[in-house]
1. D for the stretch B:456-538, whole µm²/s, Stokes-Einstein with Kirkwood Rh over alpha-carbon pairs at 10 °C and 1.306 mPa s: what number?
2. Run through the other copies and list how far each one's label point is from that of A:Arg447, in nm with one decimal, shortest first; the point sits 7 Å from Cα along Cα-Cβ.
3. What per residue convex hull volume, in Å³, comes out for the stretch B:230-296 when only alpha-carbon positions are used?
4. For the stretch A:10-53, compute Rg over Rh where Rg is the Cα radius of gyration and Rh is the Kirkwood radius from the inverse mean 1/r over Cα pairs.
5. Compare the peptides B:102-113, A:75-86 by average per-residue count of other Cβ atoms within 10 angstrom and give them in order, highest first.
6. Which lysines have a Cα lying under 29 Å from the Cα of A:Lys346, excluding residues fewer than 8 positions away in the same chain?
7. What Kirkwood Rh does the stretch A:274-354 have if only Cα atoms enter the pairwise 1/r average? Answer in Å.
8. Per DSSP H run of n ≥ 4, the term is -39500 (n - 2.57); total these for the protein assembly as shown, divide by its residue number, and report the mean residue ellipticity at 222 nm rounded to 500 deg cm²/dmol.
Protein chains: 2
Amino acid sequence: MTIDVDAPVPFPSDIEIAESADITPVADLARDALGIPAAALVPYGHTKAKVSIPWLTTLEDRPDGHLVLVTAMSPTPAGEGKTTTSVGLADALRRIGENSVVALREPSMGPVFGIKGGAAGGGYAQVVPMVDINLAFTGDFAAIAAANNLLAAMIDNHLHHGNALDIDARTITWKRVVDLNDRALRGIVIGLGGLVNGIPREDGFDIVVASEVMAILCLATSLADLRRRLGDVVVAHTRTKQPVTARDLGAEGAMTVLLRDALAPNLVQTLEHTPAFIHGGPFANIAHGCNSVMATRAALKLGDWVVTEAGFGADLGAEKFVDITCRAAGLRPAVAVVVATVRALKFHGGVPVGEVDREDLAAVGAGMTNLRRHLDNVRGVLGLTPVVAVNRFPSDTDAEVDLVVRMCRHEGVRAYPATHVRDGGVGAEALARGVVEAVREGRSDMRFVYDDHLSLEKKAEAVATRVYGASRVAFEPKARRRLEQIEAEGHGHLPICMAKTQASFSTDPSLRGAPSGHTVTVREVRLAAGAGFVVLVTGEIMTMPGLPREPAAHRIDVDDDGRVVGLS
Amino acid sequence: MTIDVDAPVPFPSDIEIAESADITPVADLARDALGIPAAALVPYGHTKAKVSIPWLTTLEDRPDGHLVLVTAMSPTPAGEGKTTTSVGLADALRRIGENSVVALREPSMGPVFGIKGGAAGGGYAQVVPMVDINLAFTGDFAAIAAANNLLAAMIDNHLHHGNALDIDARTITWKRVVDLNDRALRGIVIGLGGLVNGIPREDGFDIVVASEVMAILCLATSLADLRRRLGDVVVAHTRTKQPVTARDLGAEGAMTVLLRDALAPNLVQTLEHTPAFIHGGPFANIAHGCNSVMATRAALKLGDWVVTEAGFGADLGAEKFVDITCRAAGLRPAVAVVVATVRALKFHGGVPVGEVDREDLAAVGAGMTNLRRHLDNVRGVLGLTPVVAVNRFPSDTDAEVDLVVRMCRHEGVRAYPATHVRDGGVGAEALARGVVEAVREGRSDMRFVYDDHLSLEKKAEAVATRVYGASRVAFEPKARRRLEQIEAEGHGHLPICMAKTQASFSTDPSLRGAPSGHTVTVREVRLAAGAGFVVLVTGEIMTMPGLPREPAAHRIDVDDDGRVVGLS
């Protein structure tokens, strides 16, 4: 039997649900649910606010709540519902009497006008105001773009006015950014048109979420820390191969000024009035893929339970959350919710992506290899107690869902079906009770995958062999030279950030299940000295998406009453 | 005797004055000074707000207040203080018991990091919060950039996906924008790097204030009007020479969505708690140079006196205010305050710009030719009663100021010294009384310089001969062809927008005073079909500034308490 979500009326679209939501004024929510006084709230309209950083620093002596990390098995191209599960779980915790808060990434605006539509949950597990969150929200992404692009302008201005630092223009790695899908800006030549227009050189734009400034904002723990990190950014090398930083260009102060409001976390709510911090949204490949440390820390001081999400599957998101975010910010998750779906299990069990809606218990069983590897990693490598959320889709049969739950329990892991997308928080109550039980048992003891003092290569080997099941790591010659240069410049102590496909434990997206013994080949190495990690790129990484032939922008409009339509 | 502003303590900087201001919470200001209920206010923090457009539309039956247009004689490079005079006059009107509101342009962020510093008034005639207003403010400029750049991305995406509209890529006039001074983006080539990166072509970035979207936002009278204007934008021509609009590309709906919040006027206050609408900031050369119609209309419904400013001297700003803004929005100024300075009079009387601080009564008298021409234009051509504000600078002597006042009165024009920069509103009280008297006499009867039905060439001749004192208008061949094309495409009924140097009545910035009999040569014609005017370019127009060798960005920073410093 499938869940009949289409009867008696068609299931409404995300925007229809969101626009008919009854939103509590954010000042009331902040006061009643979190005890935030009006003076500590910086409103952006009546349903969005930032929480003042000076006020948040007064909470430092409070004990932290329990941190629940939501991660996933290796996803299908459609995604397995980490955001909806985070929202549903937070709502469910509140329903069973716990003071919960959810902390999520801010959506990027560019993809909204492309294919994807919004990214603020879905169905009855959404954050609102949905349209605002998906578009300009509180201006954070615009501030990041301004800070990023001011530094870029100052680099080219330095070249134009005599290049006192002796920058080798061919080594400039700092790109400009825009929060749109604009493929024509991927490869450009700037500075054309004669003497007064600067120095011609090859360049390109990335989308805002790919900016190191985004990663910096998300890892900074204070305004002073933000300023220090911005100053550390390496943008180029001199002709004598010395690194050139934003500090060398005198840019970090002005960049900090542009980001001073953006650093404060944004408070909104779920459809069920659970407080939600939506703040920062770095890529999960070339960056760490988690919302801001400022938001998670604020949530931990204000809530007893904080549900937060890490991008992609647990091999990428959970590993980076532990090794980058927790290492930098001193966070310790109490439990890891691993989102699994019947569809993804069938996919990893060998079913083509177009046929995952058909019942296939054998494939579900076969796909368990993927989920089992993630559970082993979460428990055995990262030291976190896993709890599986089986995020139920309309096509799932009861027999399939039961099989997943039984297989997980066979592994000694709690597992619960969850129907929050259709039902809201009530659909995730069993999951919430399971999470609370797991935390009460207190068996999580977070461990890093590698120590700071290991070489960057050894760190890569640790992640590849312990998390990915690989046998070795190989470096292309250019990547190895850059790795050696980065260590020689004193950045060998940094954690690594693997840029790998989310579709497989290996670097080959077509290898489903739990491949073993493969080689992880690093073809490019990038230093993010301000963010505080070294990116090891193993495949093609797209940092500027394009629009499709029929972009969503064609449908997005205002109606006669000024309401936004077509944003799904 | 000069005014001794340096005793007993040094005169504080603009940011020092602004940061020590006692700012009334904007919700209180809105309620107490303007009767705006809390539900009609969209707060951005505690000192900035937007006023809800649906609520403003409920005021349509209220009578309008008196509209005071602040304009100026031909300025020196330093500017003559229109913004400070607007602020000081509004403060003074409130001091003498009138319910006044000031409506001004939003500053562009780019120049803040270059040479200029802030642009929110100065001294004790400022709007606050000064730092916010000069930087991201309420996100309007970011929204304009997003809407502008989404259309640009959709143009290149259309080319990439087969170019069904048959756009001739060489004819694309729609540039991307960024709100920074970034000379390296003036001339670029995009779409490089192979098939997946689109179609290579020459392109360039302008600064946000130069975008037609900025002019559109400032002239739109409703969300529906905004959407219509965005659809009308002409971005290119087909290979068969047909115009291609944003509507043809299906972009106007999504652009409107991006601008829906930005269309609502921003409410802040002066240092003396006079309500201030700061909204929109189009260039005064390739655009009309006034704050938004939404803001001015809102102010006219909420205040008995509305002081607003038009860019550059009266030959440009006042003419465009009447012929473009008032024509489009049905506004009728009751009086025109013409800002004059002793320094500018000496400059037009032949004194080098570096020596205008030395007393020179003869030069002041000689420079009156310039001011007299402006007064004659305001009165005789535009039909508005002029009142002269002599914006006093520290170096002015009493004898010089007296001479200016006497010469104006000899012309039958009220004139008042004003010291609002040093003294705040009290320094402009005489001016305020004079403005009220002039309006009570009721002699203004605004007239357009030309009628809609005249050809674009005849409109140019009307402005050049009647306002500039020129004998004729010449068109370079390319400009004439474009003019004819624009008329053939059905836009001949639009008003014109002259892009001319502000330094002279002529197109030669070195011709001071009141040159006559010159030729105005139009070298380029640009259609702004969405904004609703045709730009006639007579000189070099810089639409993307650069940073200087030592940009202000080097000084701008946060201090240990998180306060912004170095923004002057």
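Any read-out appearing in this document is the output of simple, stated calculations on the displayed coordinates, not a laboratory observation. Note that the structure is a prediction, hence the values are computed from the model and not measured. As a convention, Cβ positions derive from the backbone with ideal geometry for all residues, glycine included, and neighbour counts pool all protein chains shown.
1. Details: Rh = 12.8 Å.
Estimated diffusion coefficient is 124 µm²/s.
2. The answer, with the shortest distance listed first, is 9.1 nm.
3. Values: hull volume 6.6 nm³, N = 67.
Normalising the Cα hull of the stretch B:230-296 by residue number yields 99 Å³.
4. Details: Rg = 13.4 Å, Rh = 11.7 Å.
Computed over Cα atoms, the ratio is 1.14.
5. Numbers: B:102-113: 26.4, A:75-86: 22.0.
Going by the mean number of other Cβ atoms within 10 Å, highest first, we get B:102-113, A:75-86.
6. Within the straight-line cut-off, A:Lys346 pairs with A:Lys82, A:Lys116, A:Lys320, A:Lys500.
7. Details: mean 1/r = 0.0710 Å⁻¹.
After inverting the pairwise mean of 1/r, the radius is 14.1 Å.
8. Values: 37 runs with 352 residues, N = 1136.
Helix-only estimate at 222 nm: -9000 deg cm²/dmol.
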